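What follows is a short report on a single structure.
The values are calculated or read from the model by the stated rules, or taken from the named source; none is laboratory data. This is a predicted model, so every value here is computed, not measured. Using ideal geometry, Cβ is built from the backbone for each residue, glycine included, and neighbour counts are taken over all protein chains shown. Areas reflect the complete protein model, heavy atoms only, side chains present, ligands, DNA and RNA absent. Shrake-Rupley method; radii C 1.70, N 1.55, O 1.52, S 1.80 Å.
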Amino acid sequence: MDQTQLYHSGRLTDGWQLFGAHPATEGGVHGWWFNVWAPHARAVSVVGDFNGWDTGANALAPKGEFWQGFIPDLPVYTAYKYAVTGADGAVRYKADPYGFHTETRPGTASKLYDIEHFHWTDDAFRRAKQPVYHRPLNIYEVHLGSWRRHKNGDFLDYRDMARQLAAYVSDMGYNAVELLPVTEHPLDDSWGYQCTGYFAPTSRFGTPEDFMWFVDHLHSQGISVILDWVPAHFCKDEQGLYEFDGTCCYEYTDPKKREHNGWGTRVFDYGRPEVVSFLLSSARFWLEMYHIDGLRVDAVASMLYLDYGREAGQWTPNLHGGKENLEAIDFLRRLNTTAFSVDPNVLMIAEESTAWPLVTKPADIGGLGFNLKWNMGWMNDICHYLKLDPWFRQDHHRDLTFSMMYAFSENYVLPISHDEVVHMKGSVVGKMPGDYENQLRCTRGFYAYLLSHPGKKLLFMGPELGQWHEWDSGGQLDWYLLEHEENRQLHAFFKAANAFYKAESALWDIDFDWQGFEWLVPDDNHNNVIVFLRRDRAGNELLCAVNFSPNDYADYRVGVPPRRQYVPVFTTDAPEFGGSGFTPVKIPVAVESVPSHGRPHSALLKIPAFGAVFLRGEGQLPEKPQKKAASHAAAAQKSKC
C-alpha cells in the first residue's frame with residue numbers, strides 16, 4: 001500500500017514526508033515540491049512576495065484530491081501560502097497544514113524550511129531511557145514566553161532559553177520539563193492551545209533547528225522534554241485548517257459535533273481517515289523528528305464525550321444512541337499505539353477530567369492506551385482544601401484522603417498546573433491562609449505532601465520563588481523575589497525537597513499499587529494531620545507525617561510497624577528553609593510498646609505547624625519473651641495430647 005492509500009485509509013503516520021514543501025530538483029534546477037490536500041477545491045496555487053501574490057503565477061496541478069507542483073529557485077525562509085479557490089469561487093489564503101516554519105505573528109504565512117540537516121548529540125540520553133513506572137518523574141511545567149525574558153521585555157530565543165532553563169531545572173532537581181504548546185499559534189493569550197501549525201514550532205523564539213537545539217541541549221543535561229499537544233480542537237483563524245477548501249475538511253460537517261462553542265473552536269473529524277492520518281503524523285513528527293520524550297494530550301474529555309459542553313438536543317448520539325465518541329476512542333487508541341511504536345519508553349499523558357475507565361490501560365484490553373493520566377480530582381480537592389481557614393479544614397478532611405480511594409485505578413500524575421494559578425484562582429502561595437510567613441510555611445508543607453503522595457509529580461513554574469500573585473503570561477516570573485532572604489530560603493527548600501524525592505526510592509518506586517502505600521493515621525481531622533508509609537520494592541520504608549494545622553505537635557503518638565526506632569531524615573521546618581527547627585533531624589525516636597491506631601507499637605513524633613517530617617525506620621523490635629514462653633508452653637501442651 002503506497003502513501004496515498006495509507007493516507008486515505010487513516011493509516012499514514014509520516015504524512016510530513018508526503019505533504020508540505022520539500023527541497024527538490026527537476027531538470028537540474030533546484031526548487032521546492034509542494035503537495036496539499038484540498039478535495040473540493042476548484043484550483044490551488046502557491047503565492048507569496050516572490051510572485052507578487054499572483055494566484056495565476058504558480059498554479060498547482062490536481063492529482064485526485066491532491067494539488068501538486070514544482071517551483072524553482074526559491075530560497076529557504078521564503079514566505080508562502082496556498083491560494084485555494086473553493087467550489088463557491090471564493091479564494092482562501094491558507095498556511096501550509098504540514099508547514100515546518102512560519103512567519104512570526106502577526107504574520108500568518110508559512111516559510112520554506114528544510115528540517116533534515118540538524119546534528120543530534122543525544123544518542124546516549126535516548127538509549128538510557130527506561131519505563132517510567134518504577135522511576136522518579138518530577139516535571140517542571142513551563143510557558144516559554146513568560147518563564148524569563150530579556151530586561152526590555154523581549155522573549156528569549158530557543159537557544160538562550162535552553163541554556164538558562166536546563167541549568168535552572170537541573171540545579172533545582174527536576175528531571176523533566178513540560179512545555180505549554182509550542183506548535184504555531186496566532187494568539188499569545190491562547191498560551192498555544194489554539195493551534196494553526198501542527199508541524200511547526202512557533203517562530204516567536206526562533207527556527208525549527210533552534211528548537212531542535214533546545215531539545216538536544218536539555219537532553220545533554222539529563223532532562224526529558226514533554227510537549228502539550230492539542231488534537232481536540234483547532235482555532236478558526238482564516239489562515240488555518242478552518243474550512244480549508246471552503247468545505248469542512250478537518251472538522252466535522254455535522255453542526256452538532258463540529259463546534260466547541262465555549263472555546264470558539266472547531267472539532268477534528270476523527271471519523272475521516274485523512275484527518276486521522278494528519279493527527280497521527282503530527283504526533284509521530286514531534287517524537288521522531290524533534291526527539292520529544294512525551295506528549296501530554298490536552299482536553300481528552302472533550303474528545304471522548306459527544307455531549308461535552310453541549311446542552312440536551314445540541315449533540316448527536318453515536319450509532320448505539322450513546323454519548324461516547326466512538327471515533328475519538330478509536331483514534332486515541334491508535335495514537336498511543338503509534339507513539340509506543342516510535343518510542344517504547346514514551347510518556348503519553350492524558351489530561352482527562354472524568355471517571356472514564358482504563359485510560360492508562362493497554363488498548364488491546366479495552367483501555368485508551370496512555371501510560372499516565374493527570375489526577376484532576378486530587379488537584380481540585382487539594383486546591384480547595386489549601387484555601388480553607390485551618391479551623392474549617394477539620395470538616396473537609398476528605399479532601400486530603402479521598403484520592404486514596406482511587407489512587408491506583410490509573411497511573412496518575414499529580415498536577416499543580418498553569419490552570420490552577422490563573423483566572424482568579426490565586427498562586428500556590430496565594431491560596432494559603434495567614435500572613436506571608438505562614439503562606440510560605442504552608443507552601444513547604446504542601447509540597448512535601450505532593451512529593452510523598454503516590455503518583456508522579458508536576459508543578460507549574462513559580463511556586464518555588466514564593467510568587468504571591470497569579471501567573472501573568474504577558475510578563476515573566478518574579479525573579480526579583482530572590483533578593484529577599486525568605487524567598488531564597490523557600491527556593492532552597494524546593495531544591496532540597498526535590499533532591500530528597502529523587503534519592504528516596506520509597507517515594508517513587510511503587511506509585512501505582514497499594515504495595516507502595518499504607519495508612520497509619522488517615523482520620524485525624526481534628527488535628528488536620530495525616531500519617532502514612534511509602535515503600536519501595538525492596539521493602540524500604542519512609543514514614544510521612546504532614547500537618548495542615550497552625551499547631552506544633554510535640555508528642556504526636558502514631559501507631560507504627562515494629563521497628564526499633566524512627567529517625568527524622570527530612571523536615572520542612574528546618575531553619576535553612578525559613579523554619580523554626582521544631583523538628584530536629586537525625587535524632588532517633590524510640591518505638592514503644594504502647595498500643596495506638598490499632599497497632600501494638602507506637603512512637604511520639606514532633607510534627608511542625610503547616611509542615612511535614614519524613615522518618616526512616618531502623619532495626620526491628622525483638623519478640624517479647626513472654627510471647628515466646630507462651631508459645632513454648634502451647635507447644636509442650638500440644639505434645640502431651
Label point 7 Å out from ASP73 along Cα-to-Cβ: which residues of segment 8-39 have amide N under 15 Å?
26-32
Using a basic spin-label model with each label point 7 Å from the Cα along Cα→Cβ, how many nm lie between LYS425 and HIS469?
1.9
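How big is D for segment 255-414, in µm² s⁻¹ as a whole number, if Stokes-Einstein is applied with the Kirkwood radius of its Cα pairs at 25 °C and 0.890 mPa s?
Working: Rh = 17.4 Å.
The Stokes-Einstein estimate is 141 µm²/s.
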Taking max minus min of the Cα coordinates of segment 221-318 on each principal axis, largest first, gives extents in Å of 52, 29, 24
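Could you tell me which of rounded, prolate or oblate describes segment 1-47, using a ≥ b ≥ c as the square roots of the eigenvalues of the alpha-carbon gyration tensor, with rounded for a/c under 1.5 and, failing that, prolate when a/b is larger than b/c and oblate otherwise?
On the way: a/c = 2.63, a/b = 1.36, b/c = 1.93.
Oblate is the answer for segment 1-47, as a/c is 1.5 or above yet b/c matches or exceeds a/b.
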When the helices in the chain are scored as -39500 (n - 2.57) per DSSP H run of 4 or longer and the sum is shared across all residues, what 222 nm value do you end up with, to the nearest 500 deg cm²/dmol?
-7500 deg cm²/dmol
Among LYS151/LYS495; LYS94/LYS361; LYS236/LYS361; LYS323/LYS457, the pairs whose Cα-Cα distance exceeds 29 Å are LYS94/LYS361; LYS236/LYS361; LYS323/LYS457
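THR354 to SER170: FRET efficiency via 1/(1 + (r/R0)^6), r the Cβ-Cβ distance, R0 35 Å, to the nearest 0.05?
Numbers: r = 36 Å, r/R0 = 1.03.
That pair, THR354 with SER170, gives E of 0.45.
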Using C-alpha positions alone, give me the convex hull volume of segment 357-443 per residue in cubic angstrom.
104
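Return an integer: the convex hull volume of the alpha-carbon atoms of segment 203-270, in Å³ per residue. Could you put the intermediate results ahead of the total?
Numbers: hull volume 8.8 nm³, N = 68.
Value for segment 203-270: 130 Å³ per residue.
What do you get for Rg/Rh of segment 26-76 when both radii come from the Cα atoms and Rh is the Kirkwood radius?
Numbers: Rg = 11.4 Å, Rh = 11.6 Å.
My calculation of the ratio gives 0.98.
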Report the calculated FRET efficiency for SER220 and HIS30 (r = Cβ-Cβ distance, R0 = 45 Å), to the nearest 0.05.
0.85
Taking a crude spin-label model, label points 7 Å out from Cα along the C-beta direction, the VAL569 to HIS117 distance in nm is 5.3
List residues of segment 318-349, by number, whose backbone nitrogen lies under 17 Å from a label position 7 Å along Cα→C-beta of LYS129.
335-349
Where Rh denotes the Kirkwood radius from the mean inverse Cα pair distance, what is Rg over Rh for segment 496-569?
0.97
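Across all directions of projection, what mean area in square nanometres is found for the Cα convex hull of segment 400-488? Could you put the intermediate results ahead of the total?
On the way: hull surface 26.2 nm².
Mean projected area of the Cα convex hull: 6.6 nm².
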Bins of 10 Å, starting at 0 and running to the largest distance - Cα pair percent for segment 338-394
20, 37, 21, 14, 7, 0
Give the relative contact order (percent, whole number) for the chain; include only Cα pairs under 8 Å separated by 6+ residues.
10
Among beta bridges assigned by DSSP with both residues in the chain, the antiparallel ones amount in percent, to the nearest 5, to 70
Computed E for LYS387/LYS236 - FRET, C-beta separation, R0 35 angstrom, nearest 0.05:
0.45
Distribution of pairwise C-alpha distances over the chain, 20 Å bins, in %:
18, 46, 26, 9, 2, 0
Which residues qualify? For LEU605, with a placed amide H closer than 5 Å and at least 5 residues away or on another chain, they are TYR556, ARG557, VAL558
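Please go through segment 20-105 and write out the trypsin sites (Lys or Arg not before Pro) that DSSP classes as loop and that have at most 16 other C-beta atoms within 10 Å.
On the way: sites: ARG42, LYS63, LYS81, ARG92, LYS94; in loops: ARG42.
Sparse-neighbourhood loop trypsin sites (Lys or Arg not before Pro): ARG42.
Kindly give the semi-axes, whole Å and largest first, of the ellipsoid equivalent to segment 103-235, taking each as the square root of 5 times a Cα gyration tensor eigenvalue. The partial results should precede the final answer.
Working: eigenvalues 122, 56, 52 Å².
Equivalent ellipsoid of segment 103-235: 25, 17, 16 Å, largest first.
Students sometimes get this wrong: rank TRP53, TRP479 by accessible area, probe 1.4 Å, all chains present, largest first. Please report the intermediate quantities before stating the final value.
Working: TRP53 95, TRP479 35 Å².
If we order TRP53, TRP479 from most to least accessible, we get TRP53, TRP479.
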